[in-house]
1. Could you list, in sequence order, the residues of region 132-150 that are under 26 Å from Ser56 (Cα atoms) and either touching a Ser or Thr at 6+ places or on another chain (Cβ under 7 Å) or assigned to a helix (DSSP H, G or I) (or both)?
Amino acid sequence: MFASRSKVCRQIPENVRQTKKLTLKQKLLIPELRKKKIDEKQSDFSVQLQTIKKLSLFHGNLPIKKMQRAKTHTYIDKKNSSPFNTEKRLDVIPVRLYFRSTTFRARQPISHKNICVNYRKVNLPGLKVSNGDPISIQESSSYRFESDIRRNFRTNRIRRMKPNHSEVNYKTPKAVVSYEPQQIQFPHEIDLDLLD
(Lines give C-alpha, C1' and ligand atoms only; values in the text may rest on other atoms or scores of the structure.)
Protein backbone atom coordinates (compact mmCIF):
# COMPACT_ATOMS: atom_id res chain seq x y z
CA MET A 1 0.00 0.00 0.00
CA PHE A 2 1.38 3.39 -0.98
CA ALA A 3 1.85 6.18 1.53
CA SER A 4 0.15 9.49 0.88
CA ARG A 5 2.22 12.27 -0.65
CA SER A 6 2.19 14.49 2.41
CA LYS A 7 3.14 11.56 4.65
CA VAL A 8 6.21 10.88 2.50
CA CYS A 9 7.12 14.57 2.58
CA ARG A 10 6.91 14.52 6.37
CA GLN A 11 9.20 11.49 6.59
CA ILE A 12 11.82 13.06 4.31
CA PRO A 13 11.26 16.73 5.18
CA GLU A 14 11.20 18.03 1.55
CA ASN A 15 8.97 17.80 -1.51
CA VAL A 16 10.23 14.75 -3.40
CA ARG A 17 7.39 14.59 -5.93
CA GLN A 18 8.39 15.93 -9.33
CA THR A 19 4.98 16.93 -10.62
CA LYS A 20 2.83 17.37 -7.51
CA LYS A 21 2.70 20.79 -5.88
CA LEU A 22 2.11 20.95 -2.16
CA THR A 23 -0.79 22.74 -0.53
CA LEU A 24 -0.16 25.83 1.57
CA LYS A 25 -0.55 23.86 4.80
CA GLN A 26 1.98 21.25 3.64
CA LYS A 27 4.44 23.97 2.57
CA LEU A 28 4.26 25.52 6.03
CA LEU A 29 4.69 22.14 7.72
CA ILE A 30 7.94 21.13 5.96
CA PRO A 31 10.17 23.95 7.37
CA GLU A 32 8.97 23.14 10.90
CA LEU A 33 9.89 19.49 10.38
CA ARG A 34 13.32 20.48 9.06
CA LYS A 35 13.99 22.48 12.23
CA LYS A 36 13.11 19.48 14.37
CA LYS A 37 15.32 17.19 12.26
CA ILE A 38 18.28 19.58 12.53
CA ASP A 39 18.00 19.72 16.31
CA GLU A 40 18.22 15.96 16.73
CA LYS A 41 21.17 14.22 15.10
CA GLN A 42 20.25 11.53 12.59
CA SER A 43 22.03 8.22 12.54
CA ASP A 44 23.90 7.11 9.43
CA PHE A 45 21.35 4.35 8.90
CA SER A 46 18.40 6.77 8.82
CA VAL A 47 20.21 9.08 6.37
CA GLN A 48 20.97 6.09 4.14
CA LEU A 49 17.35 4.89 4.36
CA GLN A 50 16.06 8.36 3.43
CA THR A 51 18.40 8.41 0.44
CA ILE A 52 17.11 5.04 -0.74
CA LYS A 53 13.52 6.25 -0.23
CA LYS A 54 14.18 9.40 -2.30
CA LEU A 55 15.75 7.28 -5.02
CA SER A 56 12.82 4.86 -5.03
CA LEU A 57 10.34 7.77 -5.30
CA PHE A 58 12.39 9.24 -8.16
CA HIS A 59 12.06 5.94 -10.04
CA GLY A 60 8.30 5.67 -9.59
CA ASN A 61 8.00 4.33 -6.06
CA LEU A 62 9.94 1.12 -6.65
CA PRO A 63 9.91 -1.09 -3.57
CA ILE A 64 12.80 -0.34 -1.21
CA LYS A 65 13.82 -4.02 -1.15
CA LYS A 66 14.40 -3.91 -4.91
CA MET A 67 16.47 -0.76 -4.50
CA GLN A 68 18.51 -2.40 -1.74
CA ARG A 69 19.06 -5.54 -3.84
CA ALA A 70 20.23 -3.40 -6.73
CA LYS A 71 22.37 -1.42 -4.28
CA THR A 72 24.51 -4.48 -3.45
CA HIS A 73 26.03 -4.44 -6.94
CA THR A 74 27.43 -0.91 -6.58
CA TYR A 75 30.74 -1.90 -5.07
CA ILE A 76 31.28 -4.61 -7.70
CA ASP A 77 30.59 -2.58 -10.81
CA LYS A 78 29.69 1.13 -10.78
CA LYS A 79 28.10 1.05 -14.25
CA ASN A 80 25.56 -1.59 -13.19
CA SER A 81 24.76 0.27 -9.99
CA SER A 82 21.23 0.93 -8.83
CA PRO A 83 20.51 4.42 -10.22
CA PHE A 84 21.94 3.72 -13.67
CA ASN A 85 20.38 0.26 -13.82
CA THR A 86 16.90 1.55 -13.00
CA GLU A 87 17.21 4.31 -15.63
CA LYS A 88 16.99 1.62 -18.33
CA ARG A 89 13.68 0.17 -17.10
CA LEU A 90 10.87 0.43 -19.65
CA ASP A 91 8.54 2.24 -17.24
CA VAL A 92 11.16 4.90 -16.42
CA ILE A 93 12.21 5.66 -20.01
CA PRO A 94 8.90 7.32 -21.18
CA VAL A 95 9.11 9.65 -18.17
CA ARG A 96 12.73 10.64 -18.90
CA LEU A 97 11.83 11.19 -22.57
CA TYR A 98 8.83 13.33 -21.45
CA PHE A 99 6.29 11.10 -23.21
CA ARG A 100 4.55 10.74 -19.83
CA SER A 101 4.56 12.90 -16.71
CA THR A 102 4.83 10.15 -14.06
CA THR A 103 5.93 6.53 -13.96
CA PHE A 104 2.45 5.48 -12.88
CA ARG A 105 1.06 7.00 -16.09
CA ALA A 106 3.87 5.32 -18.06
CA ARG A 107 3.06 1.86 -16.69
CA GLN A 108 -0.53 1.86 -17.93
CA PRO A 109 0.18 1.90 -21.71
CA ILE A 110 2.92 -0.69 -21.16
CA SER A 111 0.49 -3.05 -19.44
CA HIS A 112 -2.05 -2.48 -22.27
CA LYS A 113 0.64 -3.37 -24.86
CA ASN A 114 0.68 0.10 -26.46
CA ILE A 115 4.49 0.44 -26.35
CA CYS A 116 6.78 -1.55 -28.64
CA VAL A 117 10.43 -2.39 -28.04
CA ASN A 118 12.31 -3.74 -31.07
CA TYR A 119 9.00 -3.56 -32.98
CA ARG A 120 7.35 -6.05 -30.61
CA LYS A 121 4.52 -5.32 -28.19
CA VAL A 122 5.70 -5.50 -24.59
CA ASN A 123 3.70 -5.59 -21.36
CA LEU A 124 6.52 -5.83 -18.78
CA PRO A 125 7.11 -2.48 -17.03
CA GLY A 126 10.34 -3.69 -15.44
CA LEU A 127 11.93 -4.75 -18.74
CA LYS A 128 15.56 -3.60 -19.07
CA VAL A 129 16.07 -1.90 -22.44
CA SER A 130 19.40 -2.57 -24.16
CA ASN A 131 21.47 -0.04 -26.09
CA GLY A 132 20.18 0.52 -29.62
CA ASP A 133 16.67 -0.77 -28.91
CA PRO A 134 14.03 1.33 -30.69
CA ILE A 135 11.07 2.28 -28.49
CA SER A 136 7.89 3.30 -30.27
CA ILE A 137 4.26 3.93 -29.44
CA GLN A 138 1.52 2.32 -31.49
CA GLU A 139 -0.24 4.73 -33.82
CA SER A 140 -3.64 3.83 -32.39
CA SER A 141 -2.64 5.17 -28.95
CA SER A 142 -0.18 7.94 -29.86
CA TYR A 143 -2.86 10.64 -29.41
CA ARG A 144 -2.91 9.83 -25.68
CA PHE A 145 0.75 10.75 -25.38
CA GLU A 146 0.46 14.02 -27.32
CA SER A 147 -1.14 15.94 -24.43
CA ASP A 148 1.77 15.18 -22.08
CA ILE A 149 4.31 16.05 -24.77
CA ARG A 150 2.53 19.35 -25.56
CA ARG A 151 2.34 20.24 -21.86
CA ASN A 152 6.06 19.57 -21.43
CA PHE A 153 6.87 21.77 -24.45
CA ARG A 154 4.68 24.56 -23.04
CA THR A 155 6.40 24.48 -19.66
CA ASN A 156 9.78 24.43 -21.43
CA ARG A 157 10.64 21.26 -19.53
CA ILE A 158 11.82 19.34 -22.61
CA ARG A 159 14.34 21.96 -23.70
CA ARG A 160 15.64 22.40 -20.16
CA MET A 161 16.30 18.79 -19.17
CA LYS A 162 16.60 16.80 -22.40
CA PRO A 163 18.00 13.29 -21.84
CA ASN A 164 21.48 12.95 -23.28
CA HIS A 165 21.68 9.15 -23.53
CA SER A 166 18.86 8.70 -26.06
CA GLU A 167 17.65 10.10 -29.37
CA VAL A 168 14.01 11.20 -29.47
CA ASN A 169 11.54 12.18 -32.19
CA TYR A 170 8.59 13.98 -30.56
CA LYS A 171 6.49 14.29 -33.75
CA THR A 172 6.20 10.53 -34.12
CA PRO A 173 6.77 9.41 -30.53
CA LYS A 174 9.80 7.19 -31.11
CA ALA A 175 13.11 6.93 -29.32
CA VAL A 176 16.33 4.95 -29.37
CA VAL A 177 18.47 4.43 -26.28
CA SER A 178 21.93 5.21 -27.66
CA TYR A 179 24.18 4.35 -24.76
CA GLU A 180 24.34 3.87 -20.99
CA PRO A 181 23.30 6.92 -18.95
CA GLN A 182 26.41 8.56 -17.52
CA GLN A 183 24.74 11.22 -15.41
CA ILE A 184 21.29 11.55 -13.85
CA GLN A 185 19.69 14.89 -13.04
CA PHE A 186 17.80 14.53 -9.77
CA PRO A 187 15.14 17.13 -8.89
CA HIS A 188 16.27 17.01 -5.25
CA GLU A 189 19.54 16.35 -3.45
CA ILE A 190 20.60 12.68 -3.41
CA ASP A 191 24.03 11.64 -2.18
CA LEU A 192 24.87 8.51 -4.19
CA ASP A 193 27.92 7.80 -2.01
CA LEU A 194 25.55 6.72 0.77
CA LEU A 195 24.42 3.78 -1.36
CA ASP A 196 27.80 2.05 -1.12
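1. Listed by number, the residues that qualify are Phe145, Asp148, Ile149.
Residues are listed down the side, and each one gets a yes or a no for (1) surrounded by fewer than 20 Cβ atoms within 10 Å (Cβ to Cβ); (2) assigned by TED's automatic domain parsing to the domain that holds Ser147; (3) at pLDDT 70 or above:
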| position | (1), (2), (3) |
| --- | --- |
| Asp44 | yes, no, yes |
| Phe58 | no, no, yes |
| Ile76 | yes, no, no |
| Lys79 | yes, no, no |
| Gln108 | yes, yes, yes |
| Ile115 | no, yes, yes |
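The values are calculated or read from the model by the stated rules, or taken from the named source; none is laboratory data. Since the model is a prediction, treat every value here as computed from it, not as a measurement. Every residue, glycine as well, gets a Cβ built from its backbone with ideal geometry; the counts of neighbours run over all protein chains shown.
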